[in-house]
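The values are calculated or read from the model by the stated rules, or taken from the named source; none is laboratory data. Quick caveat: nothing in here was measured; it's all calculated off a predicted structure. Here the Cβ positions follow ideal geometry from the backbone for every residue, glycine too, while neighbour counts run over all protein chains shown.
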Amino acid sequence: MPLTEEGERQARAVGAALRGREFALVLSSPLLRALDTAKLAGFEPEVRDDLAEWDYGEYDGLTTPRDPRAGSRLDDLALRRSWRGEPSSSSRFALTA
């Protein structure tokens, strides 16, 4: 799915804000939206397949406050505790793109 006009505008704005700064390395996933964003911001990123999206099974799309293991209060400790242990049986942890 390509960037919207607003997404393109935002990418150019990031490029303008970062103009004049030097970066040792700029990385991008191989996904078109990520590459387009980097290029519109004025970068020629190194593409890394391992930056593509991951499939987290039943945890896909959950934010930490909705993760049943995180408890009712979001803080650093809850965040660290929420991802300890083994993934559920439906989690594949495989690249999807």
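The figures follow:
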item	result
Number of the condition not met by S72 [criteria: (1) exposed (fewer than 14 other Cβ atoms within 10 Å of the Cβ); (2) of a type outside the set (D, E); (3) modelled with pLDDT under 50; (4) not in a loop (DSSP other than H, G, I, E, B)]	(4)
Residues satisfying the stated conditions in region 36-55, i.e. in a helix (DSSP H, G or I) and either more than 21 Å from R12 (Cβ to Cβ) or at pLDDT below 95 (or both)	D49, D50, L51
Residue match in region 10-29 (condition: part of a helix (DSSP H, G or I), among the acidic types (D, E) and without any contact (Cβ under 8 Å) to a residue 60 or more places away in the chain)	no
